[in-house]
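K.L.:
Before I ask anything, let me first share the structure, which is written out below as structure tokens.
The values are calculated or read from the model by the stated rules, or taken from the named source; none is laboratory data. These numbers were taken from a predicted model, which means no experiment stands behind them. With ideal geometry, Cβ positions are generated from the backbone for all residues, glycine too; neighbour counts draw on all protein chains shown.
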Amino acid sequence: MNSHNIIFHVDMDAFFASCEEVKNPHFRGKPVVVGADPEVGHGRGVVSTANYEARKYGIHSAMPISRAWQLCPFAVFLPVNGKLYHAVSEDIMRILKKYSPTVEQVSVDEAYFKIKSKEKNLTPKMVAEKIRKEIYNTHEITCSIGIASNKLVAKVASDHQKPNGLTIVNNGAEEEFLAPLDIKKLPGIGPKTALIFNKMGVRTIGELQKLSAQILLDKFGKRGEWLFMASHGQGETDIISISPAAKSLGEEHTFSRDTADIQQLVRTLFGLIDSVCANLQHRWFRTITIIVRYEGFVSHSKAHSEEFPRDVEYVKKESLKLLWPFLQKGKKVRLLGFRISNFI
């Protein structure tokens with residue numbers, strides 16, 4: 001790579017389950033599911049992580065734990081051990097900081113960082129191999145690394161050859177790398193958005209690349225601009241040192257004129273959710289809150305808690321349920337806010 005900025009995305013492989021296997025070696029080779037109590041198939045929570053043995057049975061993150069039990073009742077089901085995972089995570093972040101002064105940790109098991117070309121006389125591939133080796137030698141768990149000129153492509157690349165994979169996308173090859181991939185591989189495209197694209201005859205990112213910016217703007221509004229840029233391999237390059245321990249993330253919008261227009265309010269809410277979840281970088285959380293301030297500065301809020309999956313469309317669906325009672329009042333709204341909290 002000859003780009004001045006070389007961005008790494010390091011993503012641990014089945015992190016929670018891997019930590020449990022190291023702690024309990026007799027779990028190795030068995031399907032391991034970390035999450036809520038399955039309660040013999042009647043549990044109401046979700047899967048947090050499934051190891052690769054469990055994934056052979058169709059089990060995956062965010063799946064209802066009852067469904068996971070149905071697919072593989074003989075799997076090892078374990079509760080989330082946050083103290084263990086955070087201790088291992090902190091040490092892994094210390095390893096990454098040996099190679100970059102700024103590490104953007106976006107969840108307990110993934111982070112971005114940036115190096116400059118030929119820094120410390122090491123090629124990007126050499127840096128990645130040293131990191132993977134040190135993490136494995138220290139904790140006996142594997143990670144996958146994506147390297148590219150921006151964060152979006154680096155994230156897609158880290159998932160490309162899991163587990164224990166290394167994918168390097170050279171500067172200028174972003175579109176070519178993305179083109180054959182399913183559109184759901186593009187961060188931010190959930191099942192509902194993918195279904196819309198499928199109905200348009202678009203199933204791969206390459207087919208998405210053929211759509212004009214105007215078509216996407218007409219179909220998806222402001223988000224269409226992001227979809228156009230993302231499909232062509234354009235993404236953020238700034239690495240910001242942030243802590244996943246932040247108590248909440250949120251945004252508010254004050255209308256230039258108080259409004260009771262339901263379409264405008266829903267559209268604004270969804271825009272706030274897109275913005276907040278973009279900063280979230282796929283951390284899991286338990287609580288969403290809607291804030292409504294009516295004319296006269298009277299404010300109300302309503303919250304809902306559960307283990308939210310990494311699906312923006314699902315968050316929108318649940319948030320709309322919270323907003324709907326306020327819309328029925330017919331009152332004009334001055335401010336609308338959305339907040340997520342209780343990070344997992």
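K.L.:
Name the residues in the stretch 18-56 that are in contact (Cβ under 8 Å) with a residue 40 or more places away in the chain, among the aliphatic types (A, V, I, L, M) and touching a strand residue (DSSP E or B) at 6+ places or on another chain (Cβ under 9 Å), would you?
P.N.:
The answer is V32, V33, V34, A36, V46.
K.L.:
Quick check on the stretch 4-39: of everything there that is buried (at least 17 other Cβ atoms within 10 Å of the Cβ) and part of a loop (DSSP other than H, G, I, E, B), which residue is modelled with the lowest pLDDT?
P.N.:
We begin by selecting, within the stretch 4-39, every residue buried (at least 17 other Cβ atoms within 10 Å of the Cβ); these are 6-21, 27, 31-36, 38.
Next, only the ones that are part of a loop (DSSP other than H, G, I, E, B) stay: 13-14, 31, 36, 38.
On the way: D13: 96, A14: 94, P31: 97, A36: 83, P38: 90.
By that ranking, first place goes to A36.
Conditions (1) closer than 30 Å to F285 by Cβ; (2) of a type in the set (A, V, I, L, M, F, W, C); (3) in contact with a Gly (Cβ under 6 Å, 6 or more places away or on another chain); (4) free of Cβ contacts under 8 Å to residues at least 40 places away in the same chain, marked per residue:
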| position | (1), (2), (3), (4) |
| --- | --- |
| N137 | no, no, no, yes |
| I147 | yes, yes, no, no |
| H160 | yes, no, no, yes |
| G165 | yes, no, no, yes |
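K.L.:
Inside the stretch 164-270, counting only helices (runs of 4 or more DSSP H) that do not spill past its ends, which hold 3 or more residues that are of a type in the set (A, V, I, L, M)?
P.N.:
Values: elements: 174-178, 191-199, 205-209, 213-220, 222-231.
Output list reads 191-199, 213-220, 222-231.
K.L.:
If V153 meets every condition in (1) assigned by TED's automatic domain parsing to the domain that holds E140; (2) buried (at least 16 other Cβ atoms within 10 Å of the Cβ); (3) more than 18 Å from the chain's Cα centre (by Cα); (4) not small (G, A, S) apart from one, which number is that one?
P.N.:
(3)
K.L.:
Would you check if A68 is surrounded by 14 or more Cβ atoms within 10 Å (Cβ to Cβ), hydrophobic (A, V, I, L, M, F, W, C) and farther than 23 Å from K162 by Cα?
P.N.:
Values: surrounded by 14 or more Cβ atoms within 10 Å (Cβ to Cβ): yes; hydrophobic (A, V, I, L, M, F, W, C): yes; farther than 23 Å from K162 by Cα: no.
No.
K.L.:
If G58 meets every condition in (1) closer than 16 Å to A17 by Cβ; (2) not in a loop (DSSP other than H, G, I, E, B) apart from one, which number is that one?
P.N.:
All conditions pass for G58, except number (2).
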